[in-house]
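Below is one structure, written out as structure tokens; the observations come after it.
All of the numbers you see were taken from the coordinates with simple rules; none came from a lab. All values derive from a computational prediction rather than experimental measurement. In this analysis, Cβ positions are derived from the backbone assuming ideal geometry, glycine residues included, and neighbour counts consider all displayed protein chains.
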Amino acid sequence: MNVYDSVDLFAGPGGLDMGAAAAGLRPVGIEWDANAVATRVAAGLATVHDDVRRYGPGDFPDAETLLGGPPCQTFTVAGAGAGRRALDLVVGLLHRMAARESIAAELAGLDDVRTGLVLEPMRWALEAVDAGRPYRAIVLEQVQQVLPVWLAYAEVLRAEGYSVAVGVLRSEQFGVPQTRRRAVLVARLDGVAALPAPTHRPYRTGVPQDAGDARLLPWVSMGEALHRAEPFTVISNYGTGGDPKNRGRRTSAEPAFTVTGKISRNRIIDTAGRELPRFSHSEAGRLQGFPADYPWSGNVIAQQAGNSVPVQLGAAIVRAAVGEPVAPALEVAA
């Protein structure tokens, strides 16, 4: 019988699982999307193809670490305050969960199921506490706009006896060839929780790769990660400065823009302005820290890659959660 020491909720194609494995854990992931599951199975990752709401800590009694990145699109809605209302709702429901009140009726009445899904890691954490087998460590990761949700989580988890660190991390500071900012929560029962210390320098436009703190490694460029035969420039699918015609540009001597599900729309040109092949699935994965031969499978592979946790960042966060006790960290890291 397989014994898993960690469980990953909303596991996707495997970025956080691979990071957890690199940190010495044996994770099993729960994922409902058939395409992501196809990739996970091809990669040999332990997987439950189902809805996380159908399971709980009792189904994985050997797991001492809880991992997850629940969908949080409802908190980044632009316009007439929809994101703010969703956040207020979640914070209220979190406090009711902490008081052990039933919120089933409220969840059933939600217009967008994803708003309720962000509460699943808390359900798992509280059920484990109530069963007398609390998780020793908890790791949560999402887009930086979700930081207020993690701060609300932290308040509840501290009341349950956890030490918690919350902040926004820069992926390129952990060896990822991409400037991606992620909101992270690390909680632990033993010692003092802290976010991982950067291993690489931050990327700054126009600042040389070898400039900055000599104690840190240089950030990793696209060219170093992809090994294309010639220098290239990526023209982003997105506009900058509020002007959709003003496409952002990065050269192969820089880290990539944030990898999204629309990465295949980014144009790539050579130094003479000629069109080059766009990023392959393997290249999109490598920009997220996956190996070149990662067996991407199923459909919407660009979306799978864009939704992934960067592998090196995942490994750093998990090591911080399950490693030796450390000194206190700032509540929010820039």
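Per-residue answers, yes or no, for (1) under 30 Å from A63 (Cβ atoms); (2) crowded, with 21+ Cβ neighbours inside 10 Å:
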| site | (1), (2) |
| --- | --- |
| R182 | yes, yes |
| A187 | yes, yes |
| V192 | yes, no |
| T199 | yes, no |
| D210 | no, no |
| R215 | no, no |
| L226 | no, no |
| N237 | no, no |
| H281 | no, no |
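In the stretch 156-179, what residues are surrounded by fewer than 19 Cβ atoms within 10 Å (Cβ to Cβ), charged (D, E, K, R) and touching a residue at least 12 places away in the same chain (Cβ under 8 Å)?
Taking the stretch 156-179 as the starting set, the residues that turn out to be surrounded by fewer than 19 Cβ atoms within 10 Å (Cβ to Cβ) are 158-161, 168.
Filter once more, keeping what is charged (D, E, K, R): 158, 160.
E160, the sole residue that qualifies.
Could you tell me how many of the residues in the stretch 288-307 are more than 23 Å from A197 (Cβ to Cβ), outside any helix (DSSP H, G or I) and in contact (Cβ under 8 Å) with a residue 12 or more places away in the chain?
Within the stretch 288-307, the subset more than 23 Å from A197 (Cβ to Cβ) is 290-307.
Cutting the leftovers down to outside any helix (DSSP H, G or I) gives us 290-300.
Remaining after also requiring in contact (Cβ under 8 Å) with a residue 12 or more places away in the chain: 290, 294-300.
Residues flagged as more than 23 Å from A197 (Cβ to Cβ), outside any helix (DSSP H, G or I) and in contact (Cβ under 8 Å) with a residue 12 or more places away in the chain within the stretch 288-307 amount to 8.
Hey, can you tell me all the residues within the stretch 94-122 that are surrounded by 15 or more Cβ atoms within 10 Å (Cβ to Cβ) and out of contact with any helix residue (DSSP H, G or I) (no Cβ under 7 Å at 6 or more places or on another chain)?
L117, P121
Kindly provide the set of residues from the stretch 143-190 that are over 12 Å from the mean Cα position of the chain (by Cα), outside any strand (DSSP E or B) and of a type in the set (D, E, K, R), ordered by number.
E155, R158, E160, E172, D190
Of the residues in the stretch 1-21, how many are among the polar types (S, T, N, Q) and touching a Pro at 6+ places or on another chain (Cβ under 9 Å)? Show your work before the answer.
Let us first name the residues in the stretch 1-21 that are among the polar types (S, T, N, Q), namely 2, 6.
Filter once more, so that each one left must be touching a Pro at 6+ places or on another chain (Cβ under 9 Å): 6.
Number of matching residues: 1.
Filtering the stretch 18-37 down to residues that are part of a helix (DSSP H, G or I), touching a residue at least 40 places away in the same chain (Cβ under 8 Å) and touching a helix residue (DSSP H, G or I) at 6+ places or on another chain (Cβ under 9 Å), which residue is surrounded by the most Cβ atoms within 10 Å (Cβ to Cβ)?
Filtering the stretch 18-37 for residues part of a helix (DSSP H, G or I) gives 18-22, 34-37.
Going one step further and asking which of them are touching a residue at least 40 places away in the same chain (Cβ under 8 Å), we end up with 18-20, 22, 34-37.
This time we only want the ones that are touching a helix residue (DSSP H, G or I) at 6+ places or on another chain (Cβ under 9 Å), so: 18-20, 22, 35-36.
Working: M18: 24, G19: 28, A20: 30, A22: 16, N35: 18, A36: 26.
The selected residue is A20.
Does E127 meet the test of being among the acidic types (D, E), within 16 Å of L66 (Cα to Cα), in contact (Cβ under 8 Å) with a residue 12 or more places away in the chain and part of a helix (DSSP H, G or I)? It would help to see each step written out before you state the result.
Numbers: among the acidic types (D, E): yes; within 16 Å of L66 (Cα to Cα): yes; in contact (Cβ under 8 Å) with a residue 12 or more places away in the chain: yes; part of a helix (DSSP H, G or I): yes.
In short, yes.
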